[in-house]
Amino acid sequence: MGNVIEVQHLSKSFGNHEVLRDIDFSVNKGEVICIIGSSGSGKSTLLRCINLLEKPSGGQIIYHGENILDEKHDIHAYRKKLGMVFQQFNLFNNHNALNNCMVGQVKVLKRSKEDAEKIALKYLKVVGMDHYVNAKPKQLSGGQKQRVAIARALSMEPDVMLFDEPTSALDPEMVGEVLKVMKELASTGLTMLIVTHEMEFAREVADRVVFMDKGVIAEEGPPEQIFNHPREERTKAFLKRTLS
Amino acid sequence: MSIEYIISMITNNWPMFLRGAGMTLLISIIGTIFGSVIGLLAGVIRTIPTPERKLKRVVLKIVNLILSVYIEFFRGTPMIVQAMVIFYGSALAFGIDMDRTMAAIFIVSINTGAYMAEIVRGGVISIDKGQFEAAQAIGMNHVQTMWSVVLPQVIRNILPATGNQFIINIKDTSVLNVIGVTELYFQAKTVAGISFKYFEPFFIACILYFVMTFTVTLILRYIERKLDGPENYSMIGQPPP
Ligand SMILES: Nc1ncnc2c1ncn2[C@@H]1O[C@H](COP(=O)(O)OP(=O)(O)O)[C@@H](O)[C@H]1O
Ligand SMILES: [Mg+2]
């Protein structure tokens, strides 16, 4: 039981540039996984391959026992089960905070406007943005935008939430408010896959930490192992560079 | 020439000027609306990402080729010549005697469509890639992404260019007098022919053209402000400090 997504032998090349090589890993239900690694190691590409924003060059992605890279598989039906939070927020500029959380529910999930609004308000409250329903993205700060973006993804009630460096584009004083929301989500049993440079955060919330280096998973294990007793030299070197 | 003469020319001929101005407005309004719809459709089709399936890819390529030919042809030839070719050509080739007003609306529409297609394409390209990705990531397909997220932003952004096109259309319908459309220029010419005066009727037409184009400018500014919504938003309750 519990295996939501299983990535097998995944590879990805841009032209002749091999960015991911033979990636094997799985996401279990209710698990919080943090992916760390230096810039350019392929963390974003892995996340984007998982929700098919990038087309993998090889391997398989098994979702609830089905290979979603199969020609016949409905990409849109799969994507709506995964929530994605981007580094640059990517809120819909033409919609206010509430509509950002409603439009996917109405168009993709075919929920009624009333239901969608109720659900959107519920999640805007979870991220502490329910007072800002009328605000357009350009009227919000970075941290507020990111919290609305999290609410937008949650409103789709996905199986798994993917976060790609959700705090990297934020001013330092706003990082805390977003991490706080994510910690709360982690404690609710939501399945989360988080690319992050926030090592303290990863140590605190992760059930498992995946360290990526040059397109491969160099080491993975519980935070205790990765941060306190890393087995690989590469992991040690990376941690020394980032934690010093 | 005197102010009194111009005024008496207006009082004697105002129904002709007014009908001419009305015809000009009718053709340019309908032409701009139809043209914008054509432009939106063509622009959206031309920005569809290359499909995975071979068949779809081939179909899209053919459609794009046809659209390119249409756009390049109508942008690349003068409307006055197109008017002659289409109006007399349709009579010659198919034996259709086109209604002049219909022919005028048709010509202005397809011309506007050709220009608007490029304006829309530029508008879609300029939308941040993140907007498309966020829409795809919540499971929207291409049509949903376009309709709910991209096009509303594109339309807002291309509104000034659309207004520009509208103004060009008001002025350029004057060339349609060559196929006998009774627009403003045609009417001014008729009054000139009757009165043997040239400055006055065209001066009146000139003023009327300007009143029309300037009114359109003001209306579009107003619409732009409306679309942008209020500068501020109202909070619901009080957020925690
Ligand atoms: N669309 C793309 N086209 C070409 N190369 C890309 C593209 N996206 C990412 N890359 C390359 O793939 C490598 C990994 O990128 P990325 O996954 O963004 O790394 P990370 O998120 O770990 O910083 C980088 O060398 C980057 O230049
Ligand atoms: Mg990245």
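Throughout, read-outs are computed from the coordinates displayed, never taken from laboratory work. As the structure is a prediction and not an experimental result, all values here were calculated from the model. With ideal geometry, Cβ positions are generated from the backbone for all residues, glycine too; neighbour counts draw on all protein chains shown.
Couple of notes before you dig in:
- R0 of 25 Å, Cβ-Cβ distance B:Phe73-B:Thr217: FRET efficiency to nearest 0.05: 0.25
- Per-residue ellipticity at 222 nm computed for chain B from its helices equals -26500 deg cm²/dmol, with DSSP H segments shorter than 4 residues left out and the rest contributing -39,500 (n - 2.57).
- Over 28 Å (Cα to Cα) - which of A:Lys138/B:Lys56; A:Lys43/A:Lys118; A:Lys80/A:Lys136 fall in this group: A:Lys138/B:Lys56; A:Lys43/A:Lys118
- Distance (nanometres) between label positions extended 7 Å along Cα→Cβ at B:Val59 and A:Glu204: 5.3 nm
- Under the simplified labelling scheme, the A:Ile62-A:Asn228 pair shows an inter-label distance of 3.3 nm, with each label point 7 Å from Cα along Cα→Cβ.
- Helix B:199-228 axis, angle to chain B major axis (alpha carbon atoms, nearest 10°): 20 degrees
- Among A:Phe86, B:Phe196, a tally of other beta-carbon atoms within 10 Å of each Cβ gives an order, fewest to most, of B:Phe196, A:Phe86.
- When only alpha carbons are used to place a centre, region A:18-32 and region B:100-162 end up 38 Å from one another.
- Gaussian network model of chain B, Cα within-10 Å springs - most flexible of B:Ile155, B:Ile194, B:Ile219: B:Ile194
- Listed residues A:Ala149, A:Ala186, A:Ala120, most fluctuating in chain A (Gaussian network, C-alpha, under 10 Å): A:Ala186
- Global form of chain B, assessed from the alpha-carbon gyration tensor, a/c cut-off 1.5: oblate
- Listed residues A:His76, A:His95, A:His197, most fluctuating in chain A (Gaussian network, C-alpha, under 10 Å): A:His76
- Interchain or long-range residues, amide H under 5 Å from A:Asn28's placed H: A:Val4
- Legend: mean number of C-beta atoms from other chains within 10 angstrom of residue C-beta atoms, peptide B:138-150, equals 6.
- Here the label points at B:Ser90 and A:Glu114, each 7 Å from Cα along the C-beta direction, are separated by 5.1 nm in the simple model.
- Within 10 Å of the Cβ of each residue in B:124-136, the mean number of Cβ atoms contributed by other protein chains is 4.
- Using only side-chain charges placed at the Cβ, +1 for Lys and Arg and -1 for Asp and Glu, the dipole size of region B:41-86 relative to its Cα centre rounds to 300 debye.
- HN-Hα J in Hz across region B:89-105 - Karplus 6.51, -1.76, 1.60, θ = phi - 60°, x for Gly and Pro: x, 5, 5, 5, 7, 10, x, 8, 9, 5, 4, 4, 5, 4, 4, 4, 4
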